[in-house]
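One structure is given below, encoded as structure tokens.
A short reminder: the numbers here are calculations on the coordinates, not readings from a lab. Values in this document were obtained by computation on a predicted structure and should not be read as measured data. Here the Cβ positions follow ideal geometry from the backbone for every residue, glycine too, while neighbour counts run over all protein chains shown.
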Amino acid sequence: MTIYGTADDLDVDAGPDKYIDAGESVRLDGSVDGNYDYVRWSCTGGSLSDYDILRPTYRAPYDYDYDYSRTYTCTLTARNECGSDSDTMTVRVEYDGDDRDFDVALIARPKSDCAPLYDVDLIATVSNWRDYDYDYDYYGDSYYRRDQEFTYYFDCENDGSWDKTVTTDNTSYTALNLCDYHNVGSYTARVRVERGSRTATDTEIVRAESCGVTQIGNVSITKTVNNVSTGTGYQGTVTANPLNTVSYRIVITGTSGTAANVTVSDAIPSGITNVRDVQVDGYSTGGNITSGISLGTITSGQTKTITYNATVANETSFVYGQTTLNNVATVTVDGKSANSSAAVQVYRRAVMGATTISTGIGSDTIIALGIALLAAIACLVWVAKDNIAAIFKPKKQAYEY
């Protein structure tokens, strides 16, 4: 049998750049997308264990005539009937006493959520770094010494003002609850890391989204919910299991002018129980969130945050499958009101092995089967009675005279 085909176009990737010490070795990570007939590596310095495989081992040169870092370029080429493609990467060879460049990656947690978005963590992680420098003592004997520490600079809105600075020898640092984003929009968080004479920076986009924000007069209202048991963060809708703890947050924001006689209430749906820990701006309040809490006067740019905890009811309160518990918060200003809602989707799982599939047997059928069974039993008893009587009945004997 003969199989016919055509050659593919090639896409060659020489892999990431590498950093190694002089005289040491590292594996290159080349790849080719497409069917190739031939691959070949070539480097401007150093040596390779193989030149015609995708992942050879590169060994850096060590030249005693110089003691500064050098960068070599390695090229990977692949060829087939359609032609060829090439890609390059670099190997930076570090020599004694030379600082290495490094990279940093920034992650925001959460990266997006409903506005106002509070207590965002910024997590910076350093990579491509070297833990030790190679040095010599007074007598010419070699030894290792630890490199300098990292200094992390965090900027929540990339406005040039550092919101937190910390120095540590850890290659990852989390700035907890660092950033607050009050209004809807996209923000750029930034980190800068310094180590000796080297620096690295990275940015992350954080989005404060519009989630059920409504406005009346001079104020707006936003309602979100957080499944505390699973750590979802505040969102418009979260999932939960029976008996999970949830936390609701209602944010009232002054949008313009002054709003007087501001009150907030929240309708608690059936299935949410044990409402507790009601706070306004982090302080406990004796008010009842269901009947309404007075916030007084709110001016433009001012915010009032109401939070409270509650518990999802036990599983007997829900049908099998999903139940959505939606509750609506209402802000009232001088007789006018606006609403914002949040939802908890509760899942009750069916008992293992139980089924709701109809068997086709109804109550009438069961009754009829019961009557028939009783009749059959009675018949068997009657037959058995006659047989027993026949066995034990005295037999008449014939006599001859």
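Observations
- The residues LYS164, LYS304, LYS111, LYS336, when put in order of fewest to most other Cβ atoms within 10 Å, stand as LYS336, LYS111, LYS164, LYS304.
- Subtracting the Cα-Cα distance of ARG348 and THR290 from 0.36 nm times their residue separation leaves 18.2 nm of extension gain.
- Structure note, pairs LYS18/LYS164; LYS111/LYS223; LYS223/LYS336; LYS223/LYS304; LYS304/LYS336: Cα-Cα distances above 21 angstrom occur for LYS18/LYS164.
- Here the relative contact order of region 214-348, from alpha carbon pairs under 8 Å that lie six or more residues apart, stands at 35 percent.
- With a simple spin-label model that places each label point 7 Å from the Cα along the Cα-to-Cβ direction, the separation between THR167 and ARG59 comes to 4.1 nm.
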